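Below: the structure, in structure tokens.
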Amino acid sequence: MSLSRTEWRMAMNKQGIDISRWQKGLNLSQAKAEGFEFVIIKAGGADAGLYKDSQFENFYNQALNCQMTVLGAYFYGNAFSVADARKEASYFVSLLQGKNINYVFYDVEGKMLNQGYQHLTDNIKAFMEVVEAYGYKGGVYSSQYPFNAKFNDAELKQYIHWVACYSKNKPGLKSGNNVDIWQYGGEVNYIRSNKVAGMTVDQNFLYTELADFSVITTPSEILRKTTHELALEVLEGKFGNGIDRKNNLGSRYAEVQAEVDRILKEKSNIVTEKSIDQLANEVLAGLYGNGITRRIKLGKRYAEVQARVEEIIASRKKEGKIYIVTKGDTLSGIARRYKTTVANLVKANGINNPNRIYVGQKLIIA
């Protein structure tokens, strides 16, 4: 027995809309005032080459400004191979950097449905594997018929199910999987007006509290930093190792880890080519950091280089030619104190940026 319109509204936890460039000009503050609590925003797609939706930034910022929940972002798929699906997922993730979005949806419709049953299933799973590796929780969007006939939904149980079905009745899936979000209307709408804030908009009911799904959240201070900044902090030991690092970095983990690996490979090549004295002088100039950072960057040469650094420090201290930087020091101030020049200090210590010295750095006075 179907529920009445009033009973549906009482039964639902939340109502929301999904939007893209086709809703350009939509006022989300007005949509919220009409009772819509969340929005799912199109980030981009692959049906016309890889592209970013022209209204993604606008709608995301609007939602933040009016404090409307951004439930997630979606990507219009066009993958006909596992390799293509992974490429699309990686591009999708790149569009989300710096945004507080946890739930992501693969829009499976259109031409993408014109492929084999298991082949399409494998492509969807490949896309999900990539986005979830980055810490997001993945979901599949399609209409009721493809869920039941075009791919093997039994293999997609762990993902959020967002099902389009323009009807008065909640859709059901042959797989037995839950319908977590029901897109109940768009141009056609049997539940309420198809207009939101004066525009035709797709409308949804949210059944499942998405907090029940496992997702790695990403703190805002991590979202704000560049990949390189976070990689350097990883090398300093800030985010731990293994699963701790993955949990601490959240959705930024994969990109940051790739940058860490790049830095280590680059440093390894450089370290192998240089003499012990060259490396020791660069350590004294602050190019390899301290503690665990120095140990990681120098790799197998750490022990011999560190021994040489200590020899140089001992010798310089004996000669009174080592100065340890303290809070408030500047290179020009140190130069005046020891009656030398900034240029001499820069040259003697291999300093790349005269405006950047740090507390504890050991400077050779020349």
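Between Glu236 and Asp277, what length comes free when the chain is fully extended (0.36 nm per residue of separation minus the Cα-Cα distance, one decimal in nm)?
12.4 nm
Near Tyr74, within a Cβ-to-Cβ distance under 9 Å, what is the net charge of the other residues, with Lys and Arg +1 and Asp and Glu -1?
-1
When the chain is treated as a GNM, springs tying every alpha-carbon pair under 10 Å, which of Ala343, Ala63, Ala79 comes out with the largest mean-square fluctuation?
Ala343
So if I average 1/r over every pair of distinct C-alpha atoms in the chain and take the inverse, what Kirkwood radius in Å does that give?
After inverting the mean inverse Cα-Cα distance, the result is 24.2 Å.
Please find, in a Gaussian network model of the chain (springs between Cα atoms separated by less than 10 Å), the residue of Asn178, Asn248, Asn352 whose mean-square fluctuation is greatest.
Comparing Asn178, Asn248, Asn352 in a Gaussian network model of the chain, the most mobile one is Asn352.
Please give every one of the lysines within straight-line cross-link reach of Lys170, meaning a C-alpha to C-alpha distance under 16 Å, and leave out same-chain neighbours fewer than 8 residues apart.
Of all the lysines, those that pass the test against Lys170 - Cα under 16 Å, at least 8 places apart if same chain - are Lys14.
Quick one: net charge of Lys246's neighbours, Cβ under 12 Å, K/R +1, D/E -1?
0
Counting only chymotrypsin sites (Phe, Trp or Tyr not before Pro) that sit in a DSSP loop (anything but H, G, I, E, B) with at most 13 other Cβ atoms within 10 Å, what is the longest stretch of the chain containing none of them?
Maximal segment without exposed cleavage sites: 1-189.
If I take R0 = 45 Å and measure r between the Cβ atoms of Asn148 and Glu266 in this structure, what FRET efficiency does the formula 1/(1 + (r/R0)^6) give, to the nearest 0.05?
About 0.30, to the nearest 0.05.
For the modelled label position 7 Å from the Cα of Ser29 along Cα-to-Cβ, which residues of the stretch 182-206 have backbone nitrogen atoms closer than 19 Å?
196-199, by backbone N distance to the label point.
Could you tell me which of rounded, prolate or oblate describes the stretch 1-154, using a ≥ b ≥ c as the square roots of the eigenvalues of the alpha-carbon gyration tensor, with rounded for a/c under 1.5 and, failing that, prolate when a/b is larger than b/c and oblate otherwise?
It is oblate, given that a/c is not under 1.5 and a/b is not larger than b/c.
From the helices alone, meaning DSSP H stretches of at least four residues, give me the mean residue ellipticity at 222 nm for the chain, per-run term -39500 (n - 2.57), in deg cm²/dmol to the nearest 500.
Taking each H run of at least 4 residues, the total per residue is -12500 deg cm²/dmol.
In whole angstrom, how far apart do the alpha carbon centroids of the stretch 108-146 and the stretch 315-366 sit?
So the two Cα centres are separated by 58 Å.
Grab the Cα-Cα distance for Arg356 and Ala307, subtract it from 0.36 nm times how many residues apart they are, and report the gain in nm with one decimal.
Gain on stretching Arg356 to Ala307: 15.1 nm.
Can you give the FRET efficiency for Asn290 and Ala314, using 1/(1 + (r/R0)^6), R0 = 22 Å, r = Cβ-Cβ distance, to the nearest 0.05?
Efficiency for this residue pair is about 0.75.
Under a point spin-label approximation (7 Å from Cα along Cα-to-Cβ), what is the Tyr190-Asn178 distance to one decimal in nm?
Spacing of the two 7 Å Cα→Cβ label points: 2.5 nm.
For Ile243 paired with Arg337, estimate the spin-label separation in nm (one decimal), with each label point 7 Å from Cα along the Cα-to-Cβ line.
4.9
Select from Ile351, Ile181, Ile124 the residue whose mean-square fluctuation is largest in a Gaussian network model of the chain (Cα-Cα springs shorter than 10 Å).
Judging by the Gaussian network model, the answer is Ile351.
Need one number: nm distance between label points at Ser81 and Glu57, each 7 Å from Cα along Cα→Cβ, rounded to one decimal.
3.3
Please enumerate, by chain and number, the lysines with C-alpha under 18 Å from the C-alpha of Lys157, excluding those fewer than 8 residues away in the same chain.
Lys125, Lys137, Lys174
If r is the Cβ-Cβ distance from Lys14 to Lys327 and R0 is 56 Å, what FRET efficiency results, to the nearest 0.05?
About 0.65, to the nearest 0.05.
Karplus couplings for the stretch 238-247 from phi (6.51 cos²θ - 1.76 cosθ + 1.60, θ = phi - 60°), rounded to Hz, Gly and Pro as x?
5, 9, x, 10, x, 5, 4, 5, 4, 5
We did not get these values from a lab; they are worked out from the coordinates using the rules stated. This structure is a prediction, so every number in the text was calculated from the model and none was measured. For neighbour counting, all protein chains shown are included, and Cβ atoms are generated from backbone atoms with ideal geometry for every residue, glycine included.
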